[in-house]
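Scroll down for the structure; my scribbles are underneath it.
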């Protein structure tokens, strides 16, 4: 039974009637462009065939009543509770409440609904399960209140929910690709203008997600510290964000930066350049160049931005050792989670099995490795 069907069946069991809609919002894997989004830079993510589903129907109340199949519990909140900013530590429900707050604060009039939520995005693997929940929730509110669905607008509101309600200073990438993904394509996203250019994946390659089986907590990790370091470096250069510093300017003034900010800025500036080059390689169908850029990205994240981990490095090394691997790098915020590999399509199954086996032998961790496809963004299902 598909997750779509699971959500609909569970809704009927939970609420004794069929749902009116089912919404799907995907997770994402970022091919390249890491820790650039909150620096107004460029990212190149794709929406994946792991997603969050909500089966739901409107009610005549101002209450949202949601049963989570994954957590085995039903939670409720009143829309009056989310009319003003007052986040609370309430687990998975905070992503729904934060989205409701962001929509209401932007002037949208919301209506209540009841639903069943289920997903197959590994939590904490760097695949943006939280953004998928936010975009699925926003799509549900849009359906029941007959609101216009504009992906960039809804992505900004989802980001605001995560920044101000949940307390994670994420950039716009995760919500944007979950809202606006396209089957068979990655999205080259300018995180300042939110202009997105769809870029086709090269023919004959597969994208493989390499979950290390290790986790990190974003709110409590060094993520927010890295963001502050980047802002300090931008202030040093007298620009709005590090996106505005080119490699030549950085090289000329890098010795003046303090020892912490210098490598952080180096990563962001070089990663922006790599991301634009990667999009060109994809348009040209040049998998080898794309893989080389992914490898360079991992080294920069490990050595300059210092957000890799022994588990991530081990996974990437295991991937590099396999036949058919063009490139591999950590993906997501870092400090744990997952990596992504680019592999020749015919070699994908053997690559996945061999990488998982090699990683198990090299570590005591329990990995998950799976081949993924680029899918469409958040939508109501037929």
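Among the residues of region 256-264, are any touching a residue at least 40 places away in the same chain (Cβ under 8 Å) and in a helix (DSSP H, G or I)? Show your work before the answer.
To start, the set of residues in region 256-264 that are touching a residue at least 40 places away in the same chain (Cβ under 8 Å) comprises 263-264.
Retained after the next criterion (residues that are in a helix (DSSP H, G or I)): 263-264.
Checked region 256-264: at least one residue is touching a residue at least 40 places away in the same chain (Cβ under 8 Å) and in a helix (DSSP H, G or I).
Against the list (1) under 22 Å from the mean Cα position of the chain (by Cα); (2) outside any helix (DSSP H, G or I), the condition residue 285 fails is (1).
Taking the stated definitions as given, is residue 327 surrounded by 19 or more Cβ atoms within 10 Å (Cβ to Cβ), in contact with a strand residue (DSSP E or B) (Cβ under 7 Å, 6 or more places away or on another chain) and part of a loop (DSSP other than H, G, I, E, B)? It would help to see each step written out before you state the result.
Details: surrounded by 19 or more Cβ atoms within 10 Å (Cβ to Cβ): yes; in contact with a strand residue (DSSP E or B) (Cβ under 7 Å, 6 or more places away or on another chain): yes; part of a loop (DSSP other than H, G, I, E, B): no.
Considered against the rule, which asks whether it is surrounded by 19 or more Cβ atoms within 10 Å (Cβ to Cβ), in contact with a strand residue (DSSP E or B) (Cβ under 7 Å, 6 or more places away or on another chain) and part of a loop (DSSP other than H, G, I, E, B), residue 327 comes out as no.
Every number here is computed from the coordinates shown, using simple stated rules; none is lab data. On a predicted model such as this, the values are computed, not experimentally measured, just so you know. Cβ: placed from backbone, ideal geometry, glycine included. Neighbour counts: every protein chain shown.
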